[in-house]
1. Residues of the range 52-72 being of a type outside the set (S, T, N, Q), under 53 Å from the mean Cα position of the chain (by Cα) and either over 19 Å from ALA115 (Cα atoms) or assigned to a loop (DSSP other than H, G, I, E, B) (or both), which ones?
2. Of everything in the range 326-346, what is within 16 Å of the ligand (Cβ to nearest atom) and in contact with a helix residue (DSSP H, G or I) (Cβ under 8 Å, 6 or more places away or on another chain)? Give them in sequence order.
3. What are the residues in the range 237-281 that are within 16 Å of the ligand (Cβ to nearest atom) and either touching a Pro at 6+ places or on another chain (Cβ under 7 Å) or not in a strand (DSSP E or B) (or both), if any?
4. Would you check which residues across the range 204-218 are in a loop (DSSP other than H, G, I, E, B) and either among the small types (Gly, Ala, Ser) or open to solvent by less than 60 Å² (accessible area, probe 1.4 Å) (or both) and list them?
5. Kindly provide the set of residues from the range 372-403 that are open to solvent by 40 Å² or more (accessible area, probe 1.4 Å), farther than 17 Å from ILE466 by Cβ and within 24 Å of the chain's Cα centre (by Cα), ordered by number.
6. Would you confirm whether any residue within the range 234-242 is polar (S, T, N, Q) and touching a strand residue (DSSP E or B) at 6+ places or on another chain (Cβ under 8 Å)?
7. Within the set of pairs 6 or more residues apart or between chains, which connect a residue that is outside any helix (DSSP H, G or I) inside the range 331-345 to a residue that is open to solvent by 40 Å² or more (accessible area, probe 1.4 Å) and away from the ligand (no atom under 13 Å from the Cβ) with Cβ atoms less than 6 Å apart?
8. Which of the strands (runs of 3 or more DSSP E) contained wholly in the range 97-191 include at least 3 residues that are open to solvent by 30 Å² or more (accessible area, probe 1.4 Å)?
Amino acid sequence: MINKNKRRKSRKIKHRHALIIKITAVLLIIPVLIASGIFAYLYTHPVSLKKSVIEHELMEPFDPWDNVKHLFFADKKDVDISSEANIEQLGEYPVTYTCRGHKYSATVKVVDTTAPVLKVHPYKTDLTGEITPEKFVKEATDLTEVTLSFKDQGNWDQEGTYDVRIAATDSSGNETVETTTLTRIKDTTPPVVQGADNVEVLQGRTVDFEEGITVTDDMDPDPQVSVNSDQVDFATPGTYEVTYTTKDRSGNEETTVRKVTVKKDRDYNRKVVYLTFDDGPSAHTDKILEILNKYNAKATFFVTGNNQKHNDVLKRIVDQGSVVALHTYTHNYAEVYASEDAYFKDLKKISDMVKEATGVESKLIRFPGGSSNTVSKQYSPGLMTKLTKKVQEMGYQYFDWNCDSTDASGNNVPVKTLVENATSSTAQHINILMHDTDAKGTTVDALPDIIKHYRSQGYAFEALTIDSYPAHHSVNN
Ligand code: ZN
């Protein structure tokens with residue numbers, strides 16, 4: 001009996017032990033299951049975003065990472081972000097975050113919530129001017145386009161001062177309002193002319209009476225002006241009146257008188273022949289001077305440094321009243337036109353030679369081949385364009401010709417041909433090209449007939465000065 005009881009007791013104890021073990025096991029397993037469940041969930045949802053729609057201010061720098069709340073069991077380097085956000089333009093743009101094959105999408109909404117900056121000032125005008133909001137605005141800026149308007153437009157057509165409210169609205173509807181004043185007055189002041197000073201002009205020259213004239217009005221931004229110069233006779237010395245009549249939009253009118261004095265020019269309408277001889281001096285120079293003396297004519301000699309044994313004649317040219325001017329020292333095209341530098345080196349040499357021989361520092365040039373020569377192109381493209389400009393900037397003048405005796409076309413060109421060609425012009429100022437070299441004997445023979453022809457036509461024979469008609473050719477290089 002006792003044994004039976006004992007056995008029953010021990011079976012009961014065994015049962016209890018088993019239960020405790022079972023409960024303990026269950027209690028241990030549940031958290032592990034929960035934990036692994038959470039882990040499994042988070043591992044498959046590695047990215048948590050703050051917002052699915054991100055409102056973002058226009059032009060502000062955008063960083064997609066700012067929208068990431070947490071990363072689970074992942075590093076920044078595990079996340080691949082693709083963003084199409086354009087912060088410079090209003091709109092909605094996708095941003096995608098990819099991590100371990102899982103995709104998370106958000107939308108960036110670029111918005112403008114900033115109202116324009118608006119600065120205004122009072123505006124004063126007459127009773128005719130159109131009143132627009134722009135007239136009051138010193139500054140109206142925003143990231144988007146700004147529209148200006150009146151907040152409440154009144155009836156502002158009487159004299160007086162009014163409060164005006166200006167609104168600046170951007171393209172997102174953000175609005176800034178500022179208040180200023182409008183003053184309307186009756187305009188009684190006519191526009192003012194500036195630049196209509198009295199002027200003197202040499203006979204035969206003209207003045208553009210609209211050039212340099214400005215008209216301003218206190219109210220009208222675009223006042224009218226009319227010029228009356230009908231009385232002015234540029235050909236006849238005297239003093240004339242030019243009138244400027246100005247008018248503003250309120251009808252205020254004023255007349256300003258400008259005096260124009262046309263001064264007598266001794267050369268006006270005078271006909272002049274400039275006899276020019278290139279390439280001297282030569283064995284013929286004295287003979288040419290003799291003819292010039294006989295006819296009381298002056299000429300210009302563009303000399304070279306190639307025949308210096310005759311240089312003593314240069315002083316006699318000057319003493320006779322004619323002019324020694326600068327042609328070239330070497331007359332070697334390849335050398336003279338090699339470069340700008342080469343040209344000026346040559347010019348300096350011939351200039352020094354002339355100064356030494358005559359005491360005169362000449363500023364008169366004739367380019368070898370004339371300014372229209374094309375031979376310089378093969379040595380230095382564009383050279384003549386530069387030289388013609390530069391020599392004038394340096395205070396020289398270059399002279400071409402408008403009448404060619406054609407004595408350079410060969411040696412001993414018949415006198416008849418030379419006279420015919422040299423007397424073919426009827427221009428007011430004639431610059432005749434001739435040559436003074438040992439080989440041009442017929443040029444000397446033709447000279448008296450050339451002089452006689454033009455003298456019978458009323459021409460004077462003068463040497464060139466820096467102000468003489470330069471007979472410029474068109475530049476071809
Ligand atoms: Zn020459």
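1. VAL53, ILE54, LEU58, MET59, GLU60, PRO61, PHE62, ASP63, PRO64, TRP65, ASP66, VAL68
2. Of the residues in the range 326-346, the ones within 16 Å of the ligand (Cβ to nearest atom) are 326-337, 343, 346.
Listed by number, the residues that qualify are LEU326, HIS327, THR328, TYR329, THR330, TYR333, GLU335, VAL336, TYR337, TYR343, ASP346.
3. Hits for the range 237-281 are ASP279, GLY280, PRO281.
4. GLY204, VAL207, PHE209, GLY212, ILE213, ASP217, listed by residue number.
5. Result: THR385, LYS386.
6. Restricting attention to the range 234-242, the residues satisfying the condition of being polar (S, T, N, Q) are 236, 239.
With the extra rule that they be touching a strand residue (DSSP E or B) at 6+ places or on another chain (Cβ under 8 Å), the set shrinks to 236, 239.
Yes.
7. Close Cβ pairs satisfying both conditions: TYR337/TYR379; ALA338/TYR379.
8. 102-111, 117-120, 137-141, 147-150, 160-169, 175-184
The values are calculated or read from the model by the stated rules, or taken from the named source; none is laboratory data. Model, not experiment: these values are computed from the prediction. FYI the Cβ positions are ideal-geometry reconstructions off the backbone, even for glycines, and counts take in every protein chain you see. Just so you know, the surface numbers come from the protein's heavy atoms only, side chains and all, with ligands and any DNA or RNA stripped out. Shrake-Rupley method; radii C 1.70, N 1.55, O 1.52, S 1.80 Å.
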